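Worksheet: the structure to be examined is printed underneath.
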Amino acid sequence: MIFFYVILFVIVLASLKYKGANSEYISVQQTNVIKGVFIWLVFMGHIMPYIADVIPLESFIDRAGPGVVRILQQLVVVPFLFYSGYGVTNSIKNKGQSYVDSIPKKRVLNTMLNFGVAVSFFILLNWLLDIPMDLKQILLSFVCWDSIGNSNWYILTICICYLSSYFSYKLLGYTRSSLIANVVFLFVYILIISKFKGSWWYDTCLAYSAGCIFCFYKERVEDIIGRNYWLCALIIGGLFAVSYLASVKIYVVQPLFMNICSIFFSFSLVLLSLKFQLRSKILEWSGKNLFSLYIYQRIPMILFSTICGGYLVTEWRYAYVVTCAVVSIVIVHLYKYITIKFISVNTNK
């Protein structure tokens, strides 16, 4: 399974160009490429259990795949949260109160309605494959609280993040106080959700706040980094390494250290982006179609691990991964015909 990570690494390496000073480091195009890298890491993280739970991974090469998943942990979703926080705050900065007022509809309702469409397809899939599901499970799946095979936690978390921006800026305007309110709002979410759900539901959400804060202080941060790049890189890199090791070793407060790690990982991406530019049509397309690629990729995973007694995944696991990737791409191309467009919004603005 490690071969697929190698392929992705080669694509990234071929797309990488040293710029010295990359003025486009936080542009829509650049962030889409970066998100494209990480959505395929998410894909590999999602598909691995369908393989590992069915067949033993005996060779070192095969076991290395799940090993990468364990190493990356929740860091694979951090860029989505960070760039969302930056994008929302940048839109508020440029468009003002009118954009704040549009968040519940254009961000939250838009996401939830299209998520509901996706859940409907999972219901149909489970019915066709005779996969058991009860009414309570189905109903809770539509509000992200349960799952019938679909991904759900990230959708709930990002909607909460959008609402944190809405209430913060609605009450306090575009001020430093709104940034504090945003962090407090997400801390409250963490305290509440931790009583009901696993740590992955909340252990990276502060990356969203990091994106908001970075946008607010962008010019000042750029000035500091411009004058002390390598010192900043050393400090941020060191803090990322320490917080990552703490999140692995200190289980009792793992979510806290993972959130801290997510913040420093976000700023590490910023530092790398300032020096290196990624140009890839494949990865940029993947980043542009993040939602559909994320939310529908489990459909082929479930389908091809179930039909014919799961023959494809048990006997041809590499073909299974390729097939799931190809079908996921096809679904993304078809997504434009099922997306709810009347309240759509460009989430990269």
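The values are calculated or read from the model by the stated rules, or taken from the named source; none is laboratory data. These numbers come from a predicted model, not from an experiment. Counting neighbours? That spans all protein chains shown, and the Cβs are built from the backbone with ideal geometry, glycine included.
Some points to look at:
- Any hit, segment 130-139, residues being within 24 Å of Tyr50 (Cα to Cα), touching an Asp or Glu at 6+ places or on another chain (Cβ under 7 Å), of a type outside the set (Gly, Ala, Ser) and in a helix (DSSP H, G or I): yes
- Any hit, segment 216-239, residues being surrounded by 17 or more Cβ atoms within 10 Å (Cβ to Cβ), in contact (Cβ under 8 Å) with a residue 60 or more places away in the chain and in a helix (DSSP H, G or I): yes
- Verdict on Lys19 being basic (Lys, Arg) and surrounded by fewer than 22 Cβ atoms within 10 Å (Cβ to Cβ): yes
- Entry remark, segment 269-317: residues being of a type outside the set (S, T, N, Q) and not in a helix (DSSP H, G or I) number 4 in total.
- No other residue among Val42, Val78, Val12, Val33 is under 27 Å from Ile299 (Cα atoms), over 14 Å from the mean Cα position of the chain (by Cα), at pLDDT 90 or above and part of a helix (DSSP H, G or I) apart from Val12.
- Selected residue (criterion: nearest to Tyr162 (Cα to Cα)) from residues of segment 113-122 that are surrounded by fewer than 18 Cβ atoms within 10 Å (Cβ to Cβ) and either modelled with pLDDT under 95 or of a type in the set (A, V, I, L, M, F, W, C) (or both): Leu113
- When every residue of segment 186-193 is checked against the conditions, none turns out to be free of Cβ contacts under 8 Å to residues at least 12 places away in the same chain, more than 18 Å from Cys159 (Cα to Cα) and out of contact with any Asp or Glu (no Cβ under 7 Å at 6 or more places or on another chain).
- Condition check for Lys93: surrounded by fewer than 19 Cβ atoms within 10 Å (Cβ to Cβ), in contact (Cβ under 8 Å) with a residue 12 or more places away in the chain and more than 24 Å from Ser273 (Cβ to Cβ): no
- In segment 310-326, the residues that are without any contact (Cβ under 8 Å) to a residue 24 or more places away in the chain and buried (at least 17 other Cβ atoms within 10 Å of the Cβ): Leu312, Thr323
- Residue list for segment 272-301, filter: buried (at least 20 other Cβ atoms within 10 Å of the Cβ) and hydrophobic (A, V, I, L, M, F, W, C): Leu274, Leu278, Leu283, Leu290, Phe291, Leu293, Ile295, Ile299, Met301
- Residue selected from segment 184-215 under the condition surrounded by fewer than 18 Cβ atoms within 10 Å (Cβ to Cβ) and assigned to a helix (DSSP H, G or I), by the criterion nearest to the chain's Cα centre (by Cα): Trp200
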